[in-house]
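S.K.: Below is the structure I would like to discuss, written out as structure tokens.
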Amino acid sequence: MPSLPTLRNAGSRVIRPGRPRTQDPRVPHVPLSAFVVDCAVYVDGKRLEGRWTHREAIAEVRRREEGFVWIGLHEPDAEQITDIAEVFGLHPLAVEDAVHAHQRPKIERFSGAPGGGDDMLFSVFKTMRYVAHASPTTANEIVESGELMVFLGRDFVVTVRHGQHSGLRRVRHLLESDPEHLAQGPAVVLHAVADHIVDAYLEVAHGVEGDIDVMETEVFAPYSEVGAEQIYLMKREVLELRRAVTPLVTPMRRLTEGYSPLVPSEVRSYFRDVDDHLATVAERVASFDELLTTLVDAVLAKITLRQNNDMRKITAYAALLAVPTMLAGIYGMNFDYMPELHWEFGYPAVILVILTICAVLWRTFRRNRWL
């Protein structure tokens with residue numbers, strides 16, 4: 001097979017597949033096996049005995065002309081995945097995306113590897129996990145995200161996982177327990193992975209919905225202290241979930257409509273169920289965003305109302321203080337000829353007038369709920 005085009009890793013080092021690579025003596029070489037979670041050969045839906053390298057596994061499948069290989073990788077670097085890319089004929093653009101991660105969810109079809117090869121599907125999924133917490137009003141993180149890429153070929157599946165959660169061990173065990181279903185080919189693995197990830201979206205959506213319900217109750221409770229900052233945190237977490245779900249809706253629907261011959265008609269029916277669940281999650285996430293926007297508006301309205309109440313109280317007290325200030329200012333002008341200036345009961349009369357006016361004002365403000 002012709003060598004793949006040059007790939008660049010995250011730094012400036014250039015990796016040239018098919019040519020001998022010199023290893024910096026200061027950096028210990030990390031074997032590919034350190035990144036391989038599992039490598040298995042499946043024939044008629046049953047896993048063959050023994051431990052396989054990726055070269056031995058694909059050679060066995062192509063010698064038999066039946067079955068497929070499923071190899072799972074966890075956060076490989078560009079140098080380690082290059083050998084797998086050469087053996088399986090992976091497209092270099094997809095390989096680069098798989099190494100660097102932080103990709104937008106998508107499903108791409110490549111018509112063949114450089115130099116001629118079979119068709120290949122490259123899928124990118126955002127994995128999500130709900131982070132348990134005591135209260136959504138005090139949590140710093142609600143949703144944890146990762147990434148999962150799937151290379152699907154005629155006789156192989158390569159999964160590349162980034163992040164510490166959403167492992168595929170359970171998915172592999174479930175598939176191996178149903179050989180008849182697994183015998184339909186590697187597209188079954190892609191469906192199982194997609195179904196596993198979308199089910200996780202449903203769990204996250206359910207947890208976020210509970211948090212929003214709690215936050216809504218707190219916002220509209222009397223004398224609540226929920227601030228707009230915590231709601232914005234929730235909106236940010238919902239936005240992260242939305243970025244994982246929304247871009248995947250259209251590609252998943254295309255798979256159900258025969259987007260690639262690598263997904264046979266008997267497997268496409270399974271993808272319809274995944275598509276339905278994904279559409280449900282997308283609708284719920286959109287409603288979450290709208291509800292959180294409403295809660296932000298409600299919090300801001302409560303803050304404005306509280307400020308108005310405070311201004312009312314300040315105005316009422318200022319009016320109460322204005323009465324004695326005005327009368328004291330009048331009798332403090334030191335004129336010789338002023339009414340009742342030399343009257344024996346002038347001082348107590350003025351005090352009585354002040355108290356009377358203040359009492360009337362206080363009662364009026366209380367009746368109008370200003371105090």
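The values are calculated or read from the model by the stated rules, or taken from the named source; none is laboratory data. Owing to the predicted nature of the structure, the values given are computational and were not obtained by experimental measurement. Cβ: placed from backbone, ideal geometry, glycine included. Neighbour counts: every protein chain shown. Quick note on the areas: whole protein, heavy atoms, side chains included, nothing else; ligands and nucleic acids left out. Shrake-Rupley method; radii C 1.70, N 1.55, O 1.52, S 1.80 Å.
S.K.: Would you work out the relative contact order for the chain, in percent, from Cα pairs under 8 angstrom that are 6 or more residues apart?
M.R.: Contact order relative to length: 13 percent.
S.K.: Okay, next question. Excluding Leu73 itself, calculate the net charge of residues whose Cβ lies under 11 Å from the Cβ of Leu73, where each Lys or Arg counts +1 and each Asp or Glu counts -1.
M.R.: That sum, taken over residues with Cβ under 11 Å, equals -2.
S.K.: Also, quick follow-up: Would you tally the net charge around Arg306, using a Cβ to Cβ cut-off of less than 13 Å, leaving Arg306 out, and scoring K and R as +1, D and E as -1? All intermediate terms of the calculation are to be shown ahead of the outcome.
M.R.: Numbers: positive: Lys302, Arg312, Lys313; negative: Glu225, Asp310.
Net charge in that neighbourhood comes out at +1.
S.K.: Additional query: Which residue fluctuates the most in the chain, going by a Gaussian network model with Cα springs under 10 Å, if the choices are Tyr270, Tyr317, Tyr331?
M.R.: It is Tyr331.
S.K.: Please name which of Ser269, Ala301, Leu241 has its Cα lying farthest along the dipole of region 226-346 towards the positive end, using unit charges on Cβ (Lys, Arg +1; Asp, Glu -1) and the Cα centre as origin.
M.R.: Looking along the dipole axis, the top candidate is Ser269.
S.K.: Counting Lys +1, Arg +1, Asp -1, Glu -1, what net charge surrounds Thr256 among other residues with beta carbon under 11 Å of its beta carbon?
M.R.: With Lys, Arg at +1 and Asp, Glu at -1, the neighbours total 0.
S.K.: I'd like to check one number: the per residue accessible area of region 253-371, probe 1.4 Å, reported in Å² as a whole number.
M.R.: 69
S.K.: In whole Å, what is the distance between the alpha-carbon centres of region 135-175 and region 52-83?
M.R.: Going from one Cα centre to the other spans 20 Å.
S.K.: Which shape class applies to region 189-325: rounded if a/c is under 1.5, otherwise prolate when a/b exceeds b/c and oblate if not, where a ≥ b ≥ c are the square roots of the Cα gyration tensor eigenvalues? Each step should come with its number before you reach the end.
M.R.: On the way: a/c = 5.92, a/b = 4.47, b/c = 1.32.
Taking the square roots of the gyration eigenvalues as a ≥ b ≥ c, region 189-325 is prolate.
S.K.: Counting only residues 5 or more places away or on other chains, whose amide H sits under 5 Å from the amide H of Thr137 once H atoms are built in the peptide plane?
M.R.: none
S.K.: Enumerate the calculated ³J(HN,Hα) couplings along region 314-320 in order (Karplus 6.51 cos²θ - 1.76 cosθ + 1.60, θ = phi - 60°), each rounded to whole Hz, writing x wherever the residue is Gly or Pro.
M.R.: For region 314-320, the Karplus curve yields 4, 5, 5, 5, 5, 5, 5 Hz.
S.K.: Please list 3J(HN,Hα) in residue order for region 222-239, calculated via the Karplus relation 6.51 cos²θ - 1.76 cosθ + 1.60 where θ = phi - 60°; whole Hz, with x for glycine and proline.
M.R.: Result, rounded to whole Hz: x, 6, 6, 10, 6, x, 5, 4, 5, 5, 5, 4, 4, 5, 5, 5, 5, 5.
S.K.: Please report, as a whole percent, how much of the solvent-accessible surface of region 260-321 comes from carbon and sulfur atoms (probe radius 1.4 Å). The partial results should precede the final answer.
M.R.: Numbers: 2000 of 3480 Å².
Solvent-exposed carbon and sulfur of region 260-321 make up 57 percent of the total.
S.K.: About its Cα centre, what dipole magnitude does the chain give when the only charges are +1 on Lys and Arg Cβ and -1 on Asp and Glu Cβ, stated in debye to the nearest 20? The partial results should precede the final answer.
M.R.: Details: 40 positive and 50 negative charges, 131 e Å.
Around 620 debye, computed over the chain.
S.K.: Of the beta bridges DSSP finds with both residues in the chain, what % are antiparallel, to the nearest 5?
M.R.: Values: 31 of 37 bridges.
So the antiparallel bridges amount to about 85 percent of the total.
S.K.: While we're looking at this one, here's another question. List the lysines whose alpha-carbon lies under 19 Å from that of Lys313, not counting same-chain residues fewer than 8 positions away?
M.R.: Lys302
S.K.: Near the amide H of Thr127, under 5 Å away, which other amide H atoms are found, from residues 5 or more places off or on another chain, if H is placed in the peptide plane?
M.R.: Answer set, sorted by chain and number: Gly146, Glu147, Leu148.
S.K.: Amide H to amide H, which residues 5 or more places from Phe156 or on other chains are under 5 Å from it, using H placed in the peptide plane?
M.R.: For Phe156, the qualifying residues are Val69.
S.K.: Near Lys46, which aspartates and glutamates are there with a Cα under 13 Å away, not counting those fewer than 8 places off in the same chain?
M.R.: Those aspartates and glutamates meeting the cut-off are Glu66, Glu176, Asp178, Glu180.
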